[in-house]
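> There's a structure below that I have some questions on.
The values are calculated or read from the model by the stated rules, or taken from the named source; none is laboratory data. Since the structure is predicted, the reported quantities are computational estimates derived from the model, not experimental observations. Please note: Cβ atoms are built from the backbone with ideal geometry, for glycine as well, and neighbour counts cover all protein chains shown. Heavy atoms of the whole protein, side chains included, go into the accessibility calculation; ligands, DNA and RNA do not. Shrake-Rupley method; radii C 1.70, N 1.55, O 1.52, S 1.80 Å.
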Amino acid sequence: MKTNLRYQNGFLYEHHGAWYVRYYQRTPKEDGTRQLNHACKHLGRSKDFRNISDVELCRASFMQTINRDQLSANSRITLTSFVEGVYLPWTKEERRASTSKGHHEIWINHIRDRVGQLHLREFRTVDASRMLRAIAQANDLTTTTLQHIKSVLSTIFTYAKNEGAFDGANPVDGVLIPRHAKEPGETHAYDLGQVLQILDRLPLPEKSLVATAALAGLRQGELRGLEWTDYTGTEVVIKRSIWMSVVNLPKTRASRDSVPVIPALAEILDEYRKYMGNPEVGLVFHSGDGLPICVDRVGRQVVRRELEAIRLPWYGWHAFRRGLASNLYEIGAQDKVVQRILRHSKPHVTRERYIKVFDRTVLDAVEKIQARIEELRQAKEDRRQLELKFGDNANVQSPAEGGFPPFAPIKPPFSHQSIAGSVVSC
């Protein structure tokens with residue numbers, strides 16, 4: 001039987017100079033059943049809190065205790081009840097909106113219909129392994145997508161352990177990705193020459209958007225959240241990211257940093273600012289009504305059309321960010337420098353997922369190897385010619401080694417034996 005469980009946020013309100021939170025609480029009755037009643041918790045006097053954010057933190061901390069106690073009382077809770085009643089509501093409150101949406105879609109599309117009425121505490125590694133194999137057989141998914149599904153399932157049990165709803169080791173940790181799953185597609189990056197081709201064809205508003213993505217490496221949400229107060233002329237400071245209508249902090253702590261603006265980008269942004277009426281505040285890229293621009297729509301309706309005109313494929317906005325990493329690497333920038341400009345928290349992410357080696361770079365490297373081979377062959381031939389010309393004398397430096405040309409040994413006019421013979425005959 002499915003266990004009914006609902007994650008409570010509580011209702012926060014202020015009354016007579018104090019803050020309270022109202023919630024539901026089940027109380028036992030004489031017949032052994034439990035009745036659902038309203039309960040209320042005094043959080044503190046209004047003057048004891050600096051702002052509403054402090055009150056919200058206090059409310060969230062108290063309600064986590066209430067929800068944890070509710071979980072402890074339901075040791076036979078099903079996985080479905082826990083995810084839909086506790087985990088997914090928690091992601092909406094504690095995680096980025098895009099992350100919460102992604103976890104919700106993975107649960108609905110791939111996991112929910114495969115767990116049935118399995119209880120949370122009965123879930124084993126073999127259950128997760130069979131589930132991933134079944135998902136891989138029923139859908140043409142890549143190993144990357146299967147890894148995301150595994151990650152969501154693992155996070156569910158990590159949160160359940162933290163809330164006391166599950167004990168023991170996380171059953172998803174040892175699950176293997178099916179080896180016959182489809183390999184992920186190749187990612188792409190635009191090189192500097194392609195970027196300049198694209199910029200030359202775009203109208204000024206779209207040109208400014210693409211230039212900021214390609215020459216400063218901003219993500220889509222960061223482009224939508226960029227404001228004029230963040231731009232100084234020599235750098236942009238990344239303070240926010242907008243996903244749909246939700247304003248967030250940037251993706252990671254490392255992402256909340258400044259990015260240098262090269263003169264070529266500054267020239268485009270300054271021209272765009274003048275075109276927009278020299279605004280001092282507000283969003284840099286907006287749809288004309290002050291709302292953040294739809295970057296995806298610009299890519300589909302404007303940038304893609306111009307790319308087709310010059311026979312370049314549209315790889316999406318992230319190809320500009322990968323292109324910046326690859327272009328920096330091509331001109332000799334160290335991995336740590338590229339990581340800092342792209343604001344990644346870990347250097348291996350930059351190396352493995354963003355830096356692409358362009359075809360001409362590969363050809364240049366091979367040609368350099370060929371040139372070096374020819375140099376070595378020529379040096380070897382020069383040494384051989386010197387040996388033939390001056391004799392095989394290892395103690396004498398050749399002209400190529402900085403010495404003087406060796407001289408042939410001078411033979412004496414007669415031998416010591418001849419001298420001895422002459423003396424005896426006398």
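> List every residue pair whose Cβ atoms sit under 9 Å apart, with the two residues 6 or more apart in sequence or on different chains, where the first one lies in the range 272-290 and is modelled with pLDDT of 90 or more and the second, anywhere, is surrounded by fewer than 10 Cβ atoms within 10 Å (Cβ to Cβ) and of a type in the set (Gly, Ala, Ser).
Between residues of the range 272-290 that are modelled with pLDDT of 90 or more and residues that are surrounded by fewer than 10 Cβ atoms within 10 Å (Cβ to Cβ) and of a type in the set (Gly, Ala, Ser), the close pairs are GLY282/GLY290; LEU283/GLY290.
> Please name all residue pairs, on different chains or six or more residues apart, with Cβ atoms under 8 Å, provided the first residue is in the range 93-118 and is under 17 Å from PHE82 (Cα atoms) and the second residue is assigned to a loop (DSSP other than H, G, I, E, B) and open to solvent by 50 Å² or more (accessible area, probe 1.4 Å).
GLU93/ASN9; HIS103/ARG95; HIS110/ASN139; GLN117/MET1; GLN117/LYS2
> Next question, about the same structure. Being assigned to a helix (DSSP H, G or I) and not hydroxyl-bearing (Ser, Thr, Tyr) narrows it down to one residue among ARG179, ARG130; which is it?
ARG130
> With respect to VAL259, is the statement that it is more than 25 Å from GLY288 (Cβ to Cβ) and either in contact (Cβ under 8 Å) with a residue 60 or more places away in the chain or more than 19 Å from the chain's Cα centre (by Cα) (or both) true?
yes
> Which residues, taken from the range 300-323, are part of a helix (DSSP H, G or I) and open to solvent by 20 Å² or more (accessible area, probe 1.4 Å)?
Within the range 300-323, ARG300, GLN301, VAL302, ARG304, ARG305, GLU306, GLU308, ALA309, HIS318, ARG322 meet the criteria.
> Which ones in the range 267-282 are farther than 13 Å from SER208 by Cα and either open to solvent by less than 80 Å² (accessible area, probe 1.4 Å) or touching a Gly at 6+ places or on another chain (Cβ under 9 Å) (or both)?
GLY277, PRO279, GLY282
> So, one more: Kindly check whether there is at least one residue in the range 141-153 that is surrounded by fewer than 19 Cβ atoms within 10 Å (Cβ to Cβ) and more than 23 Å from SER100 (Cα to Cα).
Looking for residues that are surrounded by fewer than 19 Cβ atoms within 10 Å (Cβ to Cβ) and more than 23 Å from SER100 (Cα to Cα), one finds none in the range 141-153, hence no.
> Restricting attention to the range 86-104, does a residue exist that is at pLDDT 90 or above and either charged (D, E, K, R) or over 17 Å from THR158 (Cα atoms) (or both)?
For the range 86-104, residues at pLDDT 90 or above and either charged (D, E, K, R) or over 17 Å from THR158 (Cα atoms) (or both): present.
> Looking for whichever is at pLDDT below 90 and either buried (at least 20 other Cβ atoms within 10 Å of the Cβ) or within 17 Å of the chain's Cα centre (by Cα) (or both) here; the options are THR234, THR212, THR187. Which one fits?
Checking each option against the conditions leaves just THR187.
> Follow-up. Consider only pairs whose beta carbons are under 6 Å apart and that are at least six residues apart or on different chains; among these, list those whose first residue lies in the range 34-60 and is closer than 12 Å to LEU12 by Cβ and basic (Lys, Arg) and whose second residue is assigned to a helix (DSSP H, G or I) and open to solvent by less than 70 Å² (accessible area, probe 1.4 Å).
From the range 34-60, the pairs are LYS41/PHE62.
> Next up: Can you tell me which residue within the range 133-170, out of those that are assigned to a helix (DSSP H, G or I) and hydroxyl-bearing (Ser, Thr, Tyr), is nearest to the chain's Cα centre (by Cα)?
Only one residue tops the list, namely THR144.
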